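Notes to accompany the following structure.
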Amino acid sequence: MLGLLGGGQLGRMFTMAAQSMGYRVTVLDPANESPSGSIAERHLRADYLDSGALNELASTCAAVTTEFENVPAEALRLLAEHCVVSPAAKSVAIAQNRIFEKNFLAANGFGVAPYAVIQNSLDSANVDGPRNPEVVLPQKQPQLFPGLFPGILKVSRFGYDGKGQKRVNNTAELDYALSGMNGEPCVLEKLLPLESEVSVVVSRGFDNEVATFPVAENQHRNGILDVSIVPARVSPAIVQNARDIAIRVVEKLDYRGVLCVEFFVLADGRLLVNEIAPRPHNSGHYSIDACVTSQFEQQVRVLCGLPLGSTAMHGPAVMVNLLGDLWQRGEPEWEQVLRHPNVKLHLYGKLEARPGRKMGHYTVLSDAAETALQLALEIKQALQREHHHILERNEHRPDEKQDRPSRAV
Ligand code: ADP
Ligand code: MG
């Protein structure tokens, strides 16, 4: 039995990979219903720090992993006293906190966007001065920020898909934005002109073996990943550099498991590390259909002490995320996706479709990234047209029930 902290779609795809290799999975997730909890052999519905649930996991699972970087690192530390845990608490603690993450990257010589750490504490005990040299207080030392405007204020913990971020142009806007961050520590980062964004999923086993997946080029919309194009349309030198940096990151972290490094590509070809995720990543979903080994199978392999699988690609691929916005009037017409034989549809079984919520994705396979991208965008438009069409129909016939049965029910 393998243990999994977190019930989201990344955990669902991990569970599927584990089950296809003959393992059984126990999920720990507080929610009643979850994408991975609904397919795992067992679902413990409890808090991540619930001692009964952690004891149950530790005594029934040979190894435990996570699909969610915001699990309390303490849960991983406690489990590690009894069973194999990958990734380790210490790595997750760094990746889940933007301040630790940035400081780790900068201290180890990885290029990052210029930034400052802002304590932003409402606690008056902290107002007298920084407790360590990296912590600066904007109210007292605004001169520390020239050069960071226009910038992006990012909350240190629990931000995802662009949430917990605010663009700021000057100290007044910064102070205002800080007041909306509930006293949480933040990072102020310079807004950079990006040529593109790329990411690398890398894995490192307990035997120190490392493997990187092909580099993905990522396009975001409203702070959420929209499309990943693989291989990325960047120079071979950038590809090599991205893979080398990703390997150095896992080695410096002494990481065991699957991790994603997100990069900013600047106009001069320089790569800056944006952030790291201590788990498989949305930009690596293409690997399910396009690679010999998926990022989720790789996670299983590391966790179980098995050799890493080949990350070679069968051919170029483009992945498109399906957000809840498309479900506004019922489930989309999957015919628009499935009528193309080289396109693979993945739905996460979420019962409620909210705008911005990741409900699924599709991957277009082709001989060339450009043709895959073209078809991917055609399908995207067709789904949106269908969506608008339904909205229009409903405006004309408001009484008619348009909701289709959801696949997940
Ligand atoms: P999240 O945790 O929500 O993924 P990120 O820090 O990766 O947060 O930011 C989301 C997206 O916002 C990035 O992928 C990028 O498109 C944009 N972004 C973030 N920081 C910067 C920056 N310093 N300069 C330019 N764009 C940025
Ligand atoms: Mg990101």
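The values are calculated or read from the model by the stated rules, or taken from the named source; none is laboratory data. Quick caveat: nothing in here was measured; it's all calculated off a predicted structure. Cβ placement follows ideal geometry from the backbone for every residue including glycine, while neighbour counts extend to all protein chains displayed.
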Just one listed residue, out of Leu79, Leu44, is crowded, with 16+ Cβ neighbours inside 10 Å and closer than 24 Å to Glu101 by Cβ, and it is Leu79
The strands (runs of 3 or more DSSP E) lying wholly within region 1-98 that contain at least 1 residues that are of a type in the set (D, E, K, R), in contact with a strand residue (DSSP E or B) (Cβ under 8 Å, 6 or more places away or on another chain) and at pLDDT 95 or above are 42-44
Log entry, pairs with first residue in region 170-191 being farther than 16 Å from Lys102 by Cβ, second being among the hydrophobic types (A, V, I, L, M, F, W, C) and surrounded by 15 or more Cβ atoms within 10 Å (Cβ to Cβ), beta carbons closer than 6 Å, six or more apart or on different chains, reads Asn170/Phe149; Leu174/Val168; Ala177/Leu153; Ala177/Val168; Met181/Val155
Within region 223-264, the residues that are in a strand (DSSP E or B), of a type in the set (Val, Ile, Thr) and closer than 24 Å to Ile99 by Cβ are Ile224, Val258, Val261
Among the residues in region 321-340, are any acidic (Asp, Glu) and either part of a loop (DSSP other than H, G, I, E, B) or in contact with a strand residue (DSSP E or B) (Cβ under 7 Å, 6 or more places away or on another chain) (or both)? yes
Filtering region 227-250 down to residues that are touching a Lys or Arg at 6+ places or on another chain (Cβ under 9 Å) and either of a type in the set (D, E, K, R) or within 16 Å of ligand 2 (Cβ to nearest atom) (or both) yields Val227
When every residue in region 203-217 that is within 16 Å of ligand 2 (Cβ to nearest atom) and not small (Gly, Ala, Ser) is compared, the one surrounded by the fewest Cβ atoms within 10 Å (Cβ to Cβ) is Glu217
Within region 265-282, restricting to residues that are surrounded by fewer than 22 Cβ atoms within 10 Å (Cβ to Cβ) and assigned to a loop (DSSP other than H, G, I, E, B), the one that is nearest to ligand 1 (Cβ to nearest atom) is Leu266
Residue set Gly284, Gly223; condition at positive phi and either out of contact with any helix residue (DSSP H, G or I) (no Cβ under 9 Å at 6 or more places or on another chain) or not polar (S, T, N, Q) (or both); output residue Gly223
Counting only residues in region 168-197 that are loosely packed, with under 15 Cβ neighbours inside 10 Å and of a type in the set (A, V, I, L, M), the one nearest to ligand 1 (Cβ to nearest atom) is identified as Leu191
So, first residue within 16 Å of ligand 1 (Cβ to nearest atom) in region 204-220, second residue in a loop (DSSP other than H, G, I, E, B) and at pLDDT below 95, Cβ within less than 8 Å, six or more apart or across chains; the pairs are His220/Gly162
_When you check Glu173 against the structure, is it in a loop (DSSP other than H, G, I, E, B), of a type in the set (Asp, Glu) and modelled with pLDDT under 95, yes or no?_
no
